[in-house]
1. So how many residues does segment 35-92 have that are within 21 Å of V24 (Cα to Cα) and among the acidic types (D, E)?
2. Does E66 count as among the charged types (D, E, K, R), farther than 20 Å from V85 by Cβ and not in a helix (DSSP H, G or I)?
3. Regarding segment 1-15, can at least one residue be identified that is at pLDDT 80 or above, of a type in the set (A, V, I, L, M), surrounded by 13 or more Cβ atoms within 10 Å (Cβ to Cβ) and part of a helix (DSSP H, G or I)?
4. Yes or no: V85 more than 20 Å from V37 (Cβ to Cβ) and either in a helix (DSSP H, G or I) or touching a Ser or Thr at 6+ places or on another chain (Cβ under 9 Å) (or both)?
5. Which numbered condition in (1) at pLDDT 95 or above; (2) loosely packed, with under 13 Cβ neighbours inside 10 Å; (3) in contact with a Phe, Trp or Tyr (Cβ under 9 Å, 6 or more places away or on another chain) is the only one that K83 fails?
6. Can you tell me how many residues within segment 34-60 are in contact with a Phe, Trp or Tyr (Cβ under 7 Å, 6 or more places away or on another chain) and not aliphatic (A, V, I, L, M)?
7. So K41 clears everything in (1) surrounded by fewer than 13 Cβ atoms within 10 Å (Cβ to Cβ); (2) touching a residue at least 24 places away in the same chain (Cβ under 8 Å); (3) not aromatic (F, W, Y) except one condition, right? Which one?
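The values are calculated or read from the model by the stated rules, or taken from the named source; none is laboratory data. This structure is a prediction, so every number in the text was calculated from the model and none was measured. With ideal geometry, Cβ positions are generated from the backbone for all residues, glycine too; neighbour counts draw on all protein chains shown.
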Amino acid sequence: MLGECIRILFQIYLIIKKIKVMTVQQNLGKLEASYIVWMEKHNRDRDAGYIWWERIKDCQDWSTKERTYVPMSDTKTLGVMRKWVKHQKSFG
């Protein structure tokens, strides 16, 4: 009985965890889309998609274990990109 309850709780945890990751990825996608639309209105001479790609590829952390840079988690990337977009929009 107790083992069954633990198994069910673990399955619920995995479902919630998967939904959270999807939500972060979806928010990152929405942020990208809104940034590109904003850039197209304000800076038509620049490639907004390339600028986004160039910035997001720099979202990396140093890994002592791997002795190289590794991509940040989606959550951390979302936070960095939100701050960056807010900063970009403050100019224009």
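1. Residues that pass the stated criteria total 4.
2. Working: among the charged types (D, E, K, R): yes; farther than 20 Å from V85 by Cβ: yes; not in a helix (DSSP H, G or I): yes.
Yes; evaluated as a whole, the condition is true for this residue.
3. Checked segment 1-15: no residue is at pLDDT 80 or above, of a type in the set (A, V, I, L, M), surrounded by 13 or more Cβ atoms within 10 Å (Cβ to Cβ) and part of a helix (DSSP H, G or I).
4. no
5. Only one criterion in (1) at pLDDT 95 or above; (2) loosely packed, with under 13 Cβ neighbours inside 10 Å; (3) in contact with a Phe, Trp or Tyr (Cβ under 9 Å, 6 or more places away or on another chain) is unmet by K83, namely (3).
6. Residues flagged as in contact with a Phe, Trp or Tyr (Cβ under 7 Å, 6 or more places away or on another chain) and not aliphatic (A, V, I, L, M) within segment 34-60 amount to 4.
7. Just one mismatch for K41, condition (2).
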